[in-house]
1. In 5 Å bins starting at zero, report the fraction of Cα pairs in the range 1-58 per bin as a rounded %.
2. At 1.4 Å probe radius, can you tell me the per residue accessible area of the chain in Å²?
3. Tell me the carbon and sulfur percent of the accessible area for the chain, rounded to whole percent, probe radius 1.4 Å.
4. Of the residues GLY24, GLY60, GLY49, which exhibits the maximal mean-square fluctuation in a Gaussian network model of the chain defined by a 10 Å Cα contact cut-off?
5. For the chain, modelled as a Gaussian network with Cα springs under 10 Å, which listed residue fluctuates most, GLN66, GLN25, GLN58?
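The values are calculated or read from the model by the stated rules, or taken from the named source; none is laboratory data. These numbers come from a predicted model, not from an experiment. Side chains are part of the model used for accessible areas, which takes the heavy atoms of the whole protein and leaves out ligands, DNA and RNA. Shrake-Rupley method; radii C 1.70, N 1.55, O 1.52, S 1.80 Å.
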Amino acid sequence: MLRRGAEKYGVFCAACHGFGAISGQVLPDLRRSLAMHDAAAFRMVVKDGALLANGMPQFGAELPDQDVEAVRAFLADEARFIAASK
């Protein structure tokens, strides 16, 4: 699942949010996203377009639910490195 999440993150998210889930500080660092901790909230942002007004695209048809969950799992795994460094 993590490998699939990393792959999908690379295709759909990295150009804006940074490769390896490390933000360049222009757009939010998704490893610190509160939505990442809630599957429904994450899905609303990624698939349903909850942040369209803020410039976040909607990936409704392009990302099946299992891929959205894989990306969320990948981000949660990457976020543990932040927690470990504190």
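1. Binned Cα distances yield the sequence 4, 19, 26, 35, 15, 2, 0.
2. Details: 5280 Å² over 86 residues.
I get 61 Å² per residue for this part.
3. Accessible surface attributable to carbon and sulfur in the chain totals 60 percent.
4. The residue that fluctuates most here is GLY24.
5. It is GLN25.
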